[in-house]
Amino acid sequence: MRTRSAENGTPLSTDPGDPREWCALAARRLAEDRPEDALEAARRAVDHDPGAEHAAGWGYRLASLAFERLGRSAEAVAAAEEAVRLAPGSWAARLRLGAALRHVPGRWRESRAQAARAMRYAPQEPDPHVLAGDLALLRGEHRAAEGAYREALRLLDGHAGARVGLGLALLRWESPRDHHDPAWPVDPRETGRARRALESWARQTRLLLAAALVAAAVTAFGTGLTTWAEIGGGAVLAAVVVITLRQARRVRLWPYVPGMLARDVWLAASVSVTPVALAAYVAAVATLPRAVSRSAAGDLDGAWAVLAGTVLLNGVAVFVLRVLAEAWRGRPVAALAQFAAAGGDRTARRAADVTLWLVAGRAWSVLAAVAVAARITGEPRWAAVAPVVLLAPAWAYGGTRRSRSPRSPQRPHGLRDSQGLYDSRGPHGPRDRRLSGRAHGGDRWLVAAAVTLAAASAALGGSALLAVYGRGRADDLAWWCGAGALAAFAAVFAARSARAWWQGSPGPWRASLIMHDGRGDRLPGDAGPPVGLSGDVRRTFTHAREVVLSCAAPGGPRALAVGAVGAIGPGGELRLIAADDAWEAAERDPRVAVFAADPAERGFWVEVRGIAVGDPEAGVLRVTPEHVTVGEFPGRHQGRARVG
């Protein structure tokens, strides 16, 4: 008689006390994006098996993943560490610990070490490479991240997380905390406070200087009280000192400030332009008498105007430069191809929309440069290249429609349909695949922006054509129509940005790009069940007269005799009593194979491929099974090998 779970009546098994069945239920709940229910099922698995040996740490891995999705990082790390203690040779446990550690401040290096171990234990699995790519991307190491993601896609073409990560690497994406190096042993909240203090100092100082210069200029030019304007302008410098001292006290991590400025170029620009604005302000106030005398003669001093412009417009200049630089950074067309290949993944669709805005921003900047060049030089034929500018955005948009959907995602190792663990009826299943049929540029504001770009391109191209045929007034009118269309694009972008800011939704800027969170219709590899040993395999190792360990050696594969199998854990872990040469071989390459035979009693031979990790305290090699093959010795029926 089948029983049902307490949560929602889902069938479990004939034995609700089996911890593996509770783990299977937890995996199903994670696939359905229900971390609370998954955590409850994982806890029941651990409660039914206090040592968690029957499931070899599976329950702890699932609990860790549920904790991570609930934002409980410390508990996720604790559960993952317990999974590693129970199965130190499990690549899935190492991967889970590495993924959990990356969310804990100051433990990035430990996370990278665990990811490296997982790759060493299971180089054929894509998920450890994806974690390595994520860690590199968080630190801004785009080349390393790109290589790791490409290796993951070589192993599994349909890995949505690898596709999104590769697209972000191609865009040269920076994390929201781009000022903070995750390898630093400090809390990012501390460096965040230091960054806010530096930004506040720069912003308050520049705004104060701009307001003071306007007041001084109005006093000097309007009333002729130049001396009083100079005195008032000089007194403002005392306020600058007060602001500087107050914000400096908030920066408690001065040794990290140079590194923060090196990592965050726009923070460095904001901080660096402030002394320039201060120097320009002092010079402008000091030269007010000359400015007044010349203004009275109707000829404003050009040098003073440059100084005033530096004080008043430095923030605008930095903002415009940042917008253009962010639009032109990376390879958005190549990134769009990766986002499109991720199919109906929600993160990929969001990234594709933002990337299309970046491509549109590039097209707008080129059209604006063409329009300005045509006006300044007085040669409308410059605008003849305008129609060609839209080829790149059209190709990028068409690429999102032409790109085929990737192959169906591979199921994680051991998640069989008979267990119901691979369930695509969740929030990321077929419904999202239907959504993938929409254009990535489903944003109506983006469509409006594309229309304005097309109108600007046509109008500017028309002005060049009319200039060729000597239609002076007509080509001038066409140029103004093109300029108006470019202004309309800026208005659409501003309205879309304001709407996103008001609603708290993703906007048309780089800051809206996010990394993949691992959710989807494919569970990550660290949620898969361990490989156990059947009763026949256990009896074969128990009664075997000879056990052989096969391992890698400098000259090729090498077979070493093992003294005995000291014990077999309930979860299937082999604990071998071996000589020093076996320990040395396992340190060189932990991927080993253990052979055992018992021809006299049962006629079986067994091959267990797994990861060997030395346990100095117990004096044994602990081999975590990854693949088991069972066969019979040739005889009358010529038995064949089979998976155990």
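The values are calculated or read from the model by the stated rules, or taken from the named source; none is laboratory data. For clarity, every value in this text was computed on a predicted model and none was experimentally measured. Note: ideal-geometry Cβ built from the backbone for every residue, glycine included; neighbour counts use all protein chains shown. These accessible areas exclude ligands, DNA and RNA; they are computed on the full protein's heavy atoms, side chains included. Shrake-Rupley method; radii C 1.70, N 1.55, O 1.52, S 1.80 Å.
Summary table below
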read-out: Enumeration of residues in the range 514-543 that are buried (at least 18 other Cβ atoms within 10 Å of the Cβ), of a type in the set (Gly, Ala, Ser) and within 16 Å of residue 569 (Cα to Cα); value: 532
read-out: Qualifying residue in the range 201-216 (condition: in a loop (DSSP other than H, G, I, E, B), of a type in the set (A, V, I, L, M, F, W, C) and at pLDDT below 95); value: no
read-out: Those helices (runs of 4 or more DSSP H) lying entirely in the range 88-159 with at least 1 residues under 18 Å from residue 58 (Cβ atoms); value: 91-101, 108-121, 126-138
read-out: Test for residue 555: is it farther than 27 Å from residue 351 by Cβ, open to solvent by 20 Å² or more (accessible area, probe 1.4 Å) and free of Cβ contacts under 8 Å to residues at least 60 places away in the same chain; value: yes
read-out: Among the candidates 511, 483, 487, residue that is assigned to a helix (DSSP H, G or I), open to solvent by 40 Å² or more (accessible area, probe 1.4 Å) and touching a residue at least 12 places away in the same chain (Cβ under 8 Å); value: 511
read-out: Residue, farthest from residue 372 (Cα to Cα), within the range 436-480, restricted to residues that are loosely packed, with under 14 Cβ neighbours inside 10 Å, of a type in the set (Lys, Arg) and modelled with pLDDT under 85; value: 438
read-out: Search result, residues across the range 556-586 that are within 41 Å of the chain's Cα centre (by Cα), farther than 19 Å from residue 627 by Cα and not in a helix (DSSP H, G or I); value: 556
read-out: Given (1) open to solvent by less than 40 Å² (accessible area, probe 1.4 Å); (2) at pLDDT 90 or above; (3) closer than 30 Å to residue 33 by Cβ, number of the condition residue 502 does not satisfy; value: (1)
read-out: Close pairs from the range 193-219: first on the phi > 0 side of the Ramachandran plot, partner assigned to a helix (DSSP H, G or I) and among the polar types (S, T, N, Q), Cβ under 7 Å, at least 6 apart; value: none
read-out: Filtered residues of the range 604-635 (kept if of a type in the set (Ser, Thr, Tyr) and at pLDDT 90 or above); value: 624
read-out: Single unsatisfied condition, residue 131 versus (1) surrounded by 24 or more Cβ atoms within 10 Å (Cβ to Cβ); (2) in contact (Cβ under 8 Å) with a residue 40 or more places away in the chain; (3) under 15 Å from residue 148 (Cβ atoms); (4) among the aliphatic types (A, V, I, L, M); value: (2)
read-out: Sole exception among (1) at pLDDT 85 or above; (2) touching a strand residue (DSSP E or B) at 6+ places or on another chain (Cβ under 7 Å); (3) β-branched (Val, Ile, Thr) for residue 514, by number; value: (2)
read-out: Enumeration of residues in the range 212-223 that are open to solvent by less than 60 Å² (accessible area, probe 1.4 Å) and over 26 Å from residue 197 (Cα atoms); value: 215, 216, 217, 219, 220
read-out: Selection status of residue 489, of a type in the set (Phe, Trp, Tyr) and either within 30 Å of residue 22 (Cα to Cα) or under 25 Å from the mean Cα position of the chain (by Cα) (or both); value: no
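Yes/no matrix, rows are residues, columns are (1) touching a Ser or Thr at 6+ places or on another chain (Cβ under 8 Å); (2) over 21 Å from residue 626 (Cα atoms); (3) open to solvent by less than 20 Å² (accessible area, probe 1.4 Å); (4) of a type in the set (S, T, N, Q):
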| site | (1), (2), (3), (4) |
| --- | --- |
| 74 | no, yes, no, no |
| 82 | no, no, no, no |
| 89 | yes, no, yes, no |
| 101 | yes, yes, yes, no |
| 112 | no, yes, no, no |
| 120 | no, no, no, no |
| 123 | no, no, no, no |
